[in-house]
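Enquirer: First the structure, which I've put down as structure tokens, then a few questions once you've had a look.
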Amino acid sequence: MSIRATNQADVIPLRPLPTAVSPAIPATPELPGLPREPLWRDLVGEVLRRERLAQGRTLKEVSEAARISMAYLSEVERGRKEASSEVLAAAAQALGLSLADVLALAGERLVSLTAVRSRSRSGVGSLGAAGGHRSVRTTGPARPTRPAGPMGGVLLAA
């Protein structure tokens with residue numbers, strides 16, 4: 001065996017390649033067609049972008065209000081950067097949301113995508129409505145309503 005052969009290693013990409021299943025949940029290489037769990041940074045970025053677009057605001061407007069560079073906010077929205085809680089709180093506040101609102105929406109999206117993954121694994125169902133999106137705010141400066149309950153609608157699973 002040559003030195004070249006012994007120095008080769010399996011490379012695991014940090015960002016999986018997207019497939020036709022969904023851009024947020026690419027298929028696993030071990031089980032083609034079975035979606036992989038999404039990264040938290042992708043989900044949070046998706047929520048921030050969806051909220052910004054729902055408000056009809058530009059990246060520049062939100063980045064200035066949050067005092068975050070436009071390039072960095074763009075990368076956070078695209079899931080390229082893992083933002084700190086301070087950055088996420090500033091972006092959320094610039095959108096008129098709380099950090100809890102953003103994280104709850106990302107958690108809801110994770111639950112829906114995990115359900116799709118579970119159905120795909122068992123062979124029951126398809127993507128259907130589980131890939132749907134919900135906006136926290138539709139008009140005006142009103143605060144979003146929170147579901148009743150001790151955790152404010154956040155689902156924790158072991």
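The values are calculated or read from the model by the stated rules, or taken from the named source; none is laboratory data. What you see is a predicted model, and the numbers here were worked out from it, not measured in a lab. Ideal geometry is used to build each Cβ from the backbone, glycine not excepted, and the neighbour counts take in all protein chains shown. The area values use the complete protein model at the heavy-atom level, side chains included, leaving out ligands, DNA and RNA. Shrake-Rupley method; radii C 1.70, N 1.55, O 1.52, S 1.80 Å.
Enquirer: Could you tell me which residue of the range 29-69 is modelled with the lowest pLDDT, considering only residues that are within 19 Å of the chain's Cα centre (by Cα) and open to solvent by 70 Å² or more (accessible area, probe 1.4 Å)?
Expert: Glu37
Enquirer: Sticking with this one: Among the residues in the range 123-143, are any modelled with pLDDT of 95 or more and of a type in the set (D, E, K, R)? Don't jump to the end; show me each part of the working.
Expert: Taking the range 123-143 and keeping what is modelled with pLDDT of 95 or more, we get none.
Checked the range 123-143: no residue is modelled with pLDDT of 95 or more and of a type in the set (D, E, K, R).
Enquirer: Scan the range 70-79 for residues that are surrounded by fewer than 20 Cβ atoms within 10 Å (Cβ to Cβ) and touching a helix residue (DSSP H, G or I) at 6+ places or on another chain (Cβ under 8 Å) and report the count. Lay out the reasoning, then the answer.
Expert: Taking the range 70-79 first, the residues surrounded by fewer than 20 Cβ atoms within 10 Å (Cβ to Cβ) are 70-72, 74-75, 78.
Filter once more, keeping what is touching a helix residue (DSSP H, G or I) at 6+ places or on another chain (Cβ under 8 Å): 70, 72, 74, 78.
So the count comes out to 4.
Enquirer: Then there's this: Quick one: how many residues across the range 70-104 are of a type in the set (A, V, I, L, M) and under 15 Å from the mean Cα position of the chain (by Cα)? Lay out the reasoning, then the answer.
Expert: First pass over the range 70-104, keeping only residues of a type in the set (A, V, I, L, M): 70-71, 73, 76, 83, 87-92, 94-95, 97, 99-100, 102-104.
The next check asks that each one be under 15 Å from the mean Cα position of the chain (by Cα); those that pass are 73, 76, 83, 88, 91-92, 99-100, 102-104.
Going through the range 70-104 one residue at a time, the tally reaches 11.
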